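Coordinate-derived values only; no laboratory data. If you're wondering where the values come from, they're calculated on a predicted model, not measured in any experiment. Positions of Cβ are backbone-derived with ideal geometry, glycine not excepted, and every protein chain shown enters the neighbour counts.
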Amino acid sequence: MQLITHCDGCKEIIPVKSNASTRPDLEMEKGEVFVVNCQKCGKMNSRHVNDIYARINKWLMLGIVGVSLVVTLVLWSMIRLISTITAVIPALAYGQQNQAVSGFNRYKVRRKK
């Protein structure tokens, strides 16, 4: 799962470096409102936790598919049943990532006045 926001100036996607899996975790880690820096235009953007969104990390999924493909090809010649099970691993990883992204984006933190 990758956390992102958009720059106010150039509308470029800004990645947010955090391992938080929920918005309350992100709030505890960075605070309710924090500043992110756009790498393209250099503008400092103030963001509320609810302005951060999650998306599936494509590089992680590509790595999982690659490793699973190699393991499947190696095991295919030895044991066909186990290699079929290893082919299912990317689908399970994608489902878990999709569920985590959906849970993060669905829950909003109450804004304090």
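Numbers below:
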item	result
222 nm mean residue ellipticity, helices alone, for the chain (DSSP H n ≥ 4; -39,500 (n - 2.57); rounded to 500)	-16000 deg cm²/dmol
Among (1) 61, 16, 12; (2) 37, 16, 9; (3) 22, 19, 12, the entry that matches semi-axes √(5λ) of the Cα gyration tensor in Å as calculated here	(2)
Per DSSP, loop chymotrypsin sites (Phe, Trp or Tyr not before Pro) in region 58-113 with at most 16 further Cβ within 10 Å	Tyr107
Nitroxide proxy distance, nm - points 7 Å out along Cα→Cβ at Trp59 and Gln39	0.8
Linear extension gain, Asn98 paired with Glu12, 0.36 nm per residue minus alpha-carbon span	28.6 nm
Segment Tyr107-Val74, extension gain: residue separation times 0.36 nm, minus the distance between their alpha carbons	7.7 nm
Region 22-113: GluC sites (Glu not before Pro) in DSSP coil with no more than 15 other Cβ atoms inside 10 Å	Glu32
Amide H contacts under 5 Å for Ile14, placed H, 5+ residues apart	Thr5, His6, Cys7
Dipole magnitude of region 1-112, debye to nearest 20 (Cβ charges: Lys/Arg +1, Asp/Glu -1, about Cα centre)	260
